[in-house]
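Since the structure comes first, as structure tokens, the remarks are kept for the end.
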Amino acid sequence: MNAKESAHFELTSRLPDVGTTIFTVMSALATQKSAVNLGQGFPDFDCDPQIIDAVAGAMRAGHNQYPPMTGVPALRAAIAKKINTLYGRQYDADQEITITAGATQALLTVVMAVVHPGDEVIVIEPVYDSYVPSIQLAGGIPVFVALDAPHYAIPFDKLEAVITPKTRLIMINTPHNPTGTIWREADMRRLEDLVRGTDILICSDEVYEHMVYDGARHESVIRYPELGRRSFVVSSFGKTYHVTGWKVGYVAAPAALSAEFRKVHQFNVFTVNTPVQYGLASYMENPAPYLELAAFYQQKRDFFRAGLAKTRLKLMPCTGTYFQCVDYSAVSDLPEADFAQWLTAEIGVAAIPVSAFYHAGQESGVARFCFAKKESTLATALERLAKI
């Protein structure tokens, strides 16, 4: 086929509305302008050398072939132990824990496993950008419930109003990306009330579970029996251990739900990097890295917030994750995407417009920074932001 012939080849896109993500756009602009990249959510510091040694040791020990489809038994056992210790529920490591190729693959697999064409899936936005395409690929119908700045409280009356007999799944995220808020016990109790007596399932994205600040606790759905029995719980080693490029996560779910998840998982990705799984299992023997993570990131949060308080940007609450949102209305009346590009190009600090996390681009005059950076990186960013 020559170039002329190929130009007439037609495809009908499965995701016609999907283009280049805002993260790719802003990271490319940050590189072009030599800006401090506080846009995309990844650390700029190294992980613990011990976890690298653990993975290298697993490679040298010969753990380099396919592991079981569900994941290395030692890692699944370590996860089940951690969950029981933290949240008080004993998952069966063999039947109810599955290792995934990161959280994004886990989220897609949950949706593909339980959502049929025409099913409705409730999405609480602003929302991580993989949720809606996953629903669309499954033939489901996303139903949106919007959180509003500045507090981003869960509007349970609106949530209740959109539940119908077609509702198959509710997707939640706590701690919440991009707003940095967390669900509280009262929120979980209200959600319990809404789903009790229904067949509605829950996908609970808890990848920032170990980043909750100011003495608050992470309210996993696992703590709540009515929710736990109908939930797929997603978490991520990349976020917890500063190794986002390793792309390893997991899903915990009751046996019947896990069985359906695994049917899709085995044909979606089949299995996940063997030596990394063995290395993680070994590293998890010491709980200190995840138990101390909140204090580690709270120090960074407090340093960053103290610096932002000296600028014209208005701080918004940050009770979890490694993201800080700011109201920039005292600085500019530009739309959020334009402001983020101006900030990157003219001030030299990259941020993400929160409007990008709404399906209709809801504008609130808010931008999101990532503070999972070295203190020197944050200090440079703050020095530049002080000029606006």
Pairs where the first residue, in segment 299-326, is at negative phi and touching a residue at least 24 places away in the same chain (Cβ under 8 Å) and the second is of a type in the set (Gly, Ala, Ser) and part of a strand (DSSP E or B), C-beta under 6 Å, 6+ apart: VAL326/ALA367
Single unsatisfied condition, PRO287 versus (1) within 23 Å of the chain's Cα centre (by Cα); (2) more than 30 Å from PRO49 (Cβ to Cβ): (2)
Residue match in segment 67-79 (condition: in the same structural domain as TYR208 (by TED's automatic domain parsing) and farther than 21 Å from ALA259 by Cβ): yes
Residue count for segment 301-336, restricted to those that are outside any loop (DSSP other than H, G, I, E, B) and either modelled with pLDDT under 95 or buried (at least 20 other Cβ atoms within 10 Å of the Cβ) (or both): 9
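Here is a check on your reading of the model: is PHE261 out of contact with any Leu (no Cβ under 9 Å at 6 or more places or on another chain), in the same structural domain as THR100 (by TED's automatic domain parsing), hydrophobic (A, V, I, L, M, F, W, C) and in contact (Cβ under 8 Å) with a residue 24 or more places away in the chain? Break it down stepwise before answering.
On the way: out of contact with any Leu (no Cβ under 9 Å at 6 or more places or on another chain): yes; in the same structural domain as THR100 (by TED's automatic domain parsing): yes; hydrophobic (A, V, I, L, M, F, W, C): yes; in contact (Cβ under 8 Å) with a residue 24 or more places away in the chain: yes.
Yes; evaluated as a whole, the condition is true for this residue.
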Any hit, segment 155-162, residues being without any contact (Cβ under 8 Å) to a residue 60 or more places away in the chain, surrounded by fewer than 23 Cβ atoms within 10 Å (Cβ to Cβ), outside the structural domain of PHE296 (by TED's automatic domain parsing) and assigned to a loop (DSSP other than H, G, I, E, B): yes
The listed residue being of a type outside the set (Phe, Trp, Tyr), over 20 Å from TYR213 (Cβ atoms) and not in a helix (DSSP H, G or I), out of GLU285, GLU260: GLU285
Segment 41-51, residues that are buried (at least 17 other Cβ atoms within 10 Å of the Cβ) and either more than 27 Å from TYR278 (Cβ to Cβ) or of a type outside the set (A, V, I, L, M) (or both): GLY41, PHE42, PRO43, CYS47
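Residue by residue, here is whether (1) crowded, with 22+ Cβ neighbours inside 10 Å; (2) modelled with pLDDT of 95 or more; (3) outside the structural domain of TYR358 (by TED's automatic domain parsing) holds:
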site	(1), (2), (3)
GLN90	no, yes, yes
GLN95	no, yes, yes
THR98	yes, yes, yes
VAL114	no, yes, yes
TYR128	no, no, yes
ILE141	no, yes, yes
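Just for segment 233-286: of the residues that are β-branched (Val, Ile, Thr) and under 16 Å from CYS203 (Cβ atoms), which one is surrounded by the most Cβ atoms within 10 Å (Cβ to Cβ)?
We begin by selecting, within segment 233-286, every residue β-branched (Val, Ile, Thr); these are 233-234, 240, 243-244, 248, 251, 264, 269, 271-272, 274, 276.
Of the ones still in play, those that are also under 16 Å from CYS203 (Cβ atoms) are 233-234, 251, 264.
Working: VAL233: 26, VAL234: 27, VAL251: 30, VAL264: 17.
Residue satisfying both the conditions and the ranking: VAL251.
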Residues satisfying the stated conditions in segment 195-212, i.e. of a type in the set (A, V, I, L, M, F, W, C) and either touching a residue at least 40 places away in the same chain (Cβ under 8 Å) or not assigned by TED's automatic domain parsing to the domain that holds ASP157 (or both): LEU201, CYS203, VAL207, MET211, VAL212
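The values are calculated or read from the model by the stated rules, or taken from the named source; none is laboratory data. The model shown is predicted, which means the values in this text are computed figures rather than measured ones. Note that each Cβ is placed from the backbone with ideal geometry, even for glycine, and that neighbours are counted across all protein chains shown.
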